[in-house]
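Chemist: Quick one: the structure is below, questions incoming.
The values are calculated or read from the model by the stated rules, or taken from the named source; none is laboratory data. All figures in this text were calculated on a predicted structure; none of them were measured in a lab. Here the Cβ positions follow ideal geometry from the backbone for every residue, glycine too, while neighbour counts run over all protein chains shown.
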Amino acid sequence: MKQYSSKRSIQILAHLLKEYGIFDIVISPGSRNAPLAIHFSETDAFNCYSIVDERSAAFVGMGMAKSTKKPVAITCTSGSASANYYPAITEAFYQNTPLLILTADRPTDYVDIFDGQTIRQKDLYQQHSYGDFQLLEDEKENSDEENFNLIKKAIELCIEKQGPVHINIPLTEPLYQLVSEQPAFPPVEKTLRKKKEEIPSHLIAEWNTAKRIMILVGTRDYTEKLEMQLSQIVKNHSAVILKEANSNLKHDKFFAHIDRYIFNFSESDMQLYAPDLLITIGQNVVSKKIKQFLRKAKPKNHWHIDEVWHPDTFFSLTAKIESTAEHFFGKLLNHIRLEPQPYYNLWDVLRDKKDLKHDEYCLKTQFSDFKLFEILAEKIPNNINLHISNSSAIRYAQLFDFQKNKVYCNRGTSGIDGCTSTAMGFAMKSVEQTVLVTGDLSFFYDINGLWNNYIPPYTRIIVFNNGGGDIFKIIPGPDSTNALEEFILTKHHRSAEHAAKDFGFQYTKVEDEVTLDRVLDNFFKHDTRPKILEITTQDIENAEVLKGYFDFMK
């Protein structure tokens with residue numbers, strides 16, 4: 001016989017989650033949130049997942065939301081458990097990924113009296129959430145009506161903003177009183193708001209008078225519609241479109257390797273290639289060089305297109321366009337002239353020159369992290385979900401062609417802390433194969449991302465282990481200090497082999513290019529267990545190989 005929580009606030013919460021189609025719940029263990037765990041797991045509508053580590057659990061929830069493109073609820077007990085959610089919440093906030101955060105709490109009058117597992121949870125995430133709500137205890141007057149309205153508002157805000165929203169739920173004891181039937185609730189009148197999206201006429205004039213139009217696409221999910229719209233713009237060389245690995249766009253006339261082209265720009269180059277109209281789409285841009293270039297370029301006009309965020313990344317923002325890119329370009333294309341511009345040819349000549357040099361360098365490069373990404377770009381199967389960890393991994397990926405796949409990377413705050421957990425959460429909700437390519441520090445830091453009973457057997461993890469945070473040998477500054485190896489690079493001799501065994505993954509280790517070529521094809525084939533491939537490059541001067549690349553590209 002089914003048993004449900006007797007807590008009215010939890011019954012109302014479950015009813016509203018079902019009404020708005022939020023069915024995936026990530027639950028971390030605890031007593032204070034036991035009413036939520038009991039109620040959700042006993043209700044047939046919900047898909048419940050038990051993830052022990054709250055920091056990992058929140059990233060898993062974020063990965064699931066990115067995979068399904070629907071909100072996911074995460075719930076934990078009170079105290080430090082809720083604080084452990086924070087890294088993923090900041091990432092979801094800057095990526096606009098819908099997380100509904102359900103933190104169980106002690107009664108309000110227990111705060112700051114040194115009761116166990118009790119902290120100031122109300123408004124805990126207010127700097128990085130789109131809404132913070134605190135429910136009333138069931139015993140309070142009008143609690144049913146108040147809680148119904150608060151939860152409804154929170155869910156709708158999470159959907160509208162496509163970002164994290166927090167509901168703190170104080171619960172009095174007893175926590176384990178159960179009922180065998182759920183009460184009936186009235187139907188929900190949904191009040192989700194739709195935005196009015198119109199194009200100001202002066203933007204059409206700005207486009208039609210501009211001679212040097214650049215469209216820069218940052219982090220975003222793939223949509224066929226936007227790809228077709230931008231393809232129409234470049235068909236006649238009307239604009240230069242720069243994209244990154246995780247922009248998820250493909251077209252031969254898009255410029256896909258920004259750093260390859262602009263890394264060694266001189267002051268005169270920056271003036272020569274600068275746009276007069278800059279249009280930016282999507283979230284965070286990986287390339288630091290394009291930020292430096294465009295900040296110096298100071299384009300006359302800069303439009304940013306997004307439903308929520310309008311950051312002045314390049315200190316030149318002139319138009320905040322609150323719209324999806326697909327809707328905006330769908331309307332814009334009806335009003336603008338698509339005329340060939342010499343600006344495109346200028347960039348195209350640069351691309352041809354740099355691509356030839358890139359190919360020449362690759363031919364003479366020995367086995368290294370750089371060569372590894374060249375090989376992976378050729379060998380990774382088409383049309384998989386490719387997750388790439390932060391730091392050097394995503395930077396290497398920018399230099400090669402991964403556009404045959406959907407590429408994801410946590411570029412909201414650009415941390416290494418939840419890359420594995422996010423990828424595993426994504427894999428849990430995808431019927432397509434998910435492959436994570438990660439550096440060793442990202443992998444070991446987020447090792448609890450593997451403490452997960454729901455990882456599909458076709459999931460694959462590739463760890464390139466160079467013995468530390470090799471990025472700090474690449475960027476200028478750290479190598480000038482005596483603290484580099486122990487405190488910044490964090491040199492180590494760890495292997496992924498024991499982690500693979502502990503968490504039930506098949507494991508393979510390679511140390512040279514010949515072995516890598518031999519094992520890769522079989523590695524991606526479906527099997528009964530997920531797999532980890534560890535590629536060791538600890539004895540190779542990877543930083544020198546990459547520095548040599550950019551010196552060669554001058």
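Chemist: Please list, ordered by first then second residue, the pairs with beta carbon atoms under 9 Å, 6 or more apart or interchain, first in region 56-72 and closer than 10 Å to T422 by Cβ, second assigned to a helix (DSSP H, G or I) and of a type in the set (D, E).
Modeler: Between residues of region 56-72 that are closer than 10 Å to T422 by Cβ and residues that are assigned to a helix (DSSP H, G or I) and of a type in the set (D, E), the close pairs are A58/E91; F59/E91; M62/E91.
Chemist: Going residue by residue through region 50-67, is there one that turns out to be assigned by TED's automatic domain parsing to the domain that holds F148, touching a Gly at 6+ places or on another chain (Cβ under 7 Å), under 24 Å from T459 (Cβ atoms) and part of a strand (DSSP E or B)?
Modeler: No, because not a single residue in region 50-67 is assigned by TED's automatic domain parsing to the domain that holds F148, touching a Gly at 6+ places or on another chain (Cβ under 7 Å), under 24 Å from T459 (Cβ atoms) and part of a strand (DSSP E or B).
Chemist: On to the next question. Select the strands (runs of 3 or more DSSP E) contained entirely in region 351-451, then report the ones holding at least 2 residues which are assigned by TED's automatic domain parsing to the domain that holds F524 and of a type in the set (S, T, Y).
Modeler: 434-439
Chemist: Right, something else. Which one of S442, S421 is surrounded by 22 or more Cβ atoms within 10 Å (Cβ to Cβ), touching a residue at least 12 places away in the same chain (Cβ under 8 Å), closer than 24 Å to V545 by Cα and within 15 Å of the chain's Cα centre (by Cα)?
Modeler: Going through S442, S421 in turn, just one is surrounded by 22 or more Cβ atoms within 10 Å (Cβ to Cβ), touching a residue at least 12 places away in the same chain (Cβ under 8 Å), closer than 24 Å to V545 by Cα and within 15 Å of the chain's Cα centre (by Cα): S442.
Chemist: Yes or no: region 403-411 includes at least one residue that is among the polar types (S, T, N, Q), touching a residue at least 40 places away in the same chain (Cβ under 8 Å) and surrounded by fewer than 21 Cβ atoms within 10 Å (Cβ to Cβ).
Modeler: yes
Chemist: Conditions first: (1) out of contact with any Lys or Arg (no Cβ under 8 Å at 6 or more places or on another chain); (2) without any contact (Cβ under 8 Å) to a residue 60 or more places away in the chain; (3) part of a loop (DSSP other than H, G, I, E, B). L136 passes all but one, so which condition is the exception?
Modeler: (2)
Chemist: If you don't mind, another one. Could you grab me the full set of residues in region 38-48 that are surrounded by fewer than 23 Cβ atoms within 10 Å (Cβ to Cβ) and either over 17 Å from L178 (Cβ atoms) or in contact with a Cys (Cβ under 9 Å, 6 or more places away or on another chain) (or both)?
Modeler: Of everything in region 38-48, those that are surrounded by fewer than 23 Cβ atoms within 10 Å (Cβ to Cβ) and either over 17 Å from L178 (Cβ atoms) or in contact with a Cys (Cβ under 9 Å, 6 or more places away or on another chain) (or both) turn out to be S41, A45, N47.
Chemist: Look through F185, F133 and report the one residue that is more than 30 Å from F255 (Cα to Cα) and more than 26 Å from the chain's Cα centre (by Cα).
Modeler: The match here is F185.
Chemist: Scan (1) outside any loop (DSSP other than H, G, I, E, B); (2) closer than 28 Å to S266 by Cα for the single condition E326 breaks and write down its number.
Modeler: (2)
Chemist: What single numbered condition from (1) touching a residue at least 60 places away in the same chain (Cβ under 8 Å); (2) among the acidic types (D, E); (3) exposed (fewer than 14 other Cβ atoms within 10 Å of the Cβ) fails to hold for E534?
Modeler: Unmet condition: (3).
Chemist: Quick one: is Q182 out of contact with any Asp or Glu (no Cβ under 7 Å at 6 or more places or on another chain), more than 20 Å from K69 (Cα to Cα) and surrounded by 15 or more Cβ atoms within 10 Å (Cβ to Cβ)?
Modeler: It is true that Q182 is out of contact with any Asp or Glu (no Cβ under 7 Å at 6 or more places or on another chain), more than 20 Å from K69 (Cα to Cα) and surrounded by 15 or more Cβ atoms within 10 Å (Cβ to Cβ).
Chemist: Which ones in region 373-393 are surrounded by fewer than 23 Cβ atoms within 10 Å (Cβ to Cβ), in contact (Cβ under 8 Å) with a residue 12 or more places away in the chain and within 27 Å of D539 (Cα to Cα)?
Modeler: Of everything in region 373-393, those that are surrounded by fewer than 23 Cβ atoms within 10 Å (Cβ to Cβ), in contact (Cβ under 8 Å) with a residue 12 or more places away in the chain and within 27 Å of D539 (Cα to Cα) turn out to be F373, E374, I375, L376, A377, K379, I380, S391.
Chemist: Also: Run W347 past the list (1) in contact with a strand residue (DSSP E or B) (Cβ under 9 Å, 6 or more places away or on another chain); (2) part of a loop (DSSP other than H, G, I, E, B) and report the number of the one that doesn't hold.
Modeler: Status for W347: all satisfied but (2).
Chemist: State all residues of region 257-269 that are in a loop (DSSP other than H, G, I, E, B) and either of a type outside the set (A, V, I, L, M, F, W, C) or at pLDDT 95 or above (or both); if no residue qualifies, say none.
Modeler: Correct list: H257, N264, S266.
Chemist: Only residues that are among the hydrophobic types (A, V, I, L, M, F, W, C), closer than 22 Å to R55 by Cβ, free of Cβ contacts under 8 Å to residues at least 60 places away in the same chain and out of contact with any helix residue (DSSP H, G or I) (no Cβ under 6 Å at 6 or more places or on another chain): list them for region 1-44, please.
Modeler: A37, F40
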